[in-house]
Amino acid sequence: MVAFTFDDGFMECYDIFAPVLEEFNTNALFFVNPNYIDGDAHYVENFNNTIVMTPDKKPMRWQHIKELKRRGHIIGAHTMDHYMINSNQQDVLEYQIVECKRVIEQQLASSCDYFAFPYGKLTHANKLSIDIACKSYQYVFSQSDYKNYFSFNGQVINRRHFEPFWPYKHVSYFLSCNKKY
């Protein structure tokens with residue numbers, strides 16, 4: 001099985017990726033950051049240049065995300081601000097993880113059951129943050145432990161990350177990693 005997931009809520013998800021997948025009767029899971037979606041020009045510029053280091057990107061806005069959901073795509077949470085959740089500050093983690101869910105659910109008038117923590121390396125999260133995420137979401141995802149399907153004692157589902165410009169042999173390698181749970 002293959003699932004397509006995209007992080008951050010860039011406009012290219014709406015303009016390019018979703019339409020291409022839909023041509024093949026396939027949907028995706030889009031993990032979004034509500035403060036990026038609602039961000040003014042200064043916030044978006046800072047997010048693009050210093051947080052995710054992808055200059056010249058544009059965020060989807062709520063109308064785009066609602067439309068993707070209406071077309072059958074799944075919307076998941078990615079923290080309010082693409083925040084690295086390896087902090088021990090519970091109030092900050094609650095805001096970034098739980099408030100993110102609340103905002104998405106309020107905007108979409110439906111449940112948000114999926115969470116992917118930003119940056120995706122196992123060192124970018126800790127027990128406290130994973131515990132908060134697992135209490136809030138049905139499914140919690142990482143992206144970097146590609147040789148194992150689960151991490152954090154089976155609480156986190158690991159995604160295989162690849163970029164469209166990578167050679168085919170990279171994708172083939174990820175698909176060949178058949179280590180069991």
Does at least one position in the range 86-93 carry a residue that is outside any helix (DSSP H, G or I), modelled with pLDDT of 95 or more and touching a His at 6+ places or on another chain (Cβ under 7 Å)? yes
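Is the range 45-56 home to any residue that is within 18 Å of Phe115 (Cα to Cα) and in contact (Cβ under 8 Å) with a residue 60 or more places away in the chain?
no
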Members of the range 7-42 found to be in contact with a Pro (Cβ under 9 Å, 6 or more places away or on another chain), assigned to a helix (DSSP H, G or I) and closer than 21 Å to Ile97 by Cα, listed by number: Tyr36, Ile37
If you go through the range 78-105 one residue at a time, how many are open to solvent by less than 10 Å² (accessible area, probe 1.4 Å) and either charged (D, E, K, R) or in contact (Cβ under 8 Å) with a residue 60 or more places away in the chain (or both)? 3
May I ask you to list pairs of residues, at least six apart or on different chains, whose Cβ atoms are under 8 Å apart, with the first in the range 136-158 being under 17 Å from Cys112 (Cβ atoms) and open to solvent by 40 Å² or more (accessible area, probe 1.4 Å) and the second being part of a loop (DSSP other than H, G, I, E, B) and at pLDDT below 80? Ile157/Tyr149
Return the total of residues in the range 62-85 being in a loop (DSSP other than H, G, I, E, B) and farther than 17 Å from Asp7 by Cβ. 2
For the subset of the range 106-135 comprising residues that are among the hydroxyl-bearing types (Ser, Thr, Tyr) and surrounded by fewer than 16 Cβ atoms within 10 Å (Cβ to Cβ), which member is modelled with the lowest pLDDT? Thr123
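With respect to Tyr36, is the statement that it is in contact with a Phe, Trp or Tyr (Cβ under 7 Å, 6 or more places away or on another chain), at pLDDT 95 or above, surrounded by 13 or more Cβ atoms within 10 Å (Cβ to Cβ) and of a type in the set (Ser, Thr, Tyr) true?
Numbers: in contact with a Phe, Trp or Tyr (Cβ under 7 Å, 6 or more places away or on another chain): yes; at pLDDT 95 or above: yes; surrounded by 13 or more Cβ atoms within 10 Å (Cβ to Cβ): yes; of a type in the set (Ser, Thr, Tyr): yes.
Here the answer is yes, as Tyr36 does meet what is asked.
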In the range 47-77, how many are open to solvent by 70 Å² or more (accessible area, probe 1.4 Å) and either at pLDDT 95 or above or under 14 Å from the mean Cα position of the chain (by Cα) (or both)? 8
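The values are calculated or read from the model by the stated rules, or taken from the named source; none is laboratory data. All of these numbers come straight from a predicted model, not from anything done at the bench. Positions of Cβ are backbone-derived with ideal geometry, glycine not excepted, and every protein chain shown enters the neighbour counts. For the accessible areas, the whole protein counts, side chains as well, though only heavy atoms, and no ligand, DNA or RNA atoms are used. Shrake-Rupley method; radii C 1.70, N 1.55, O 1.52, S 1.80 Å.
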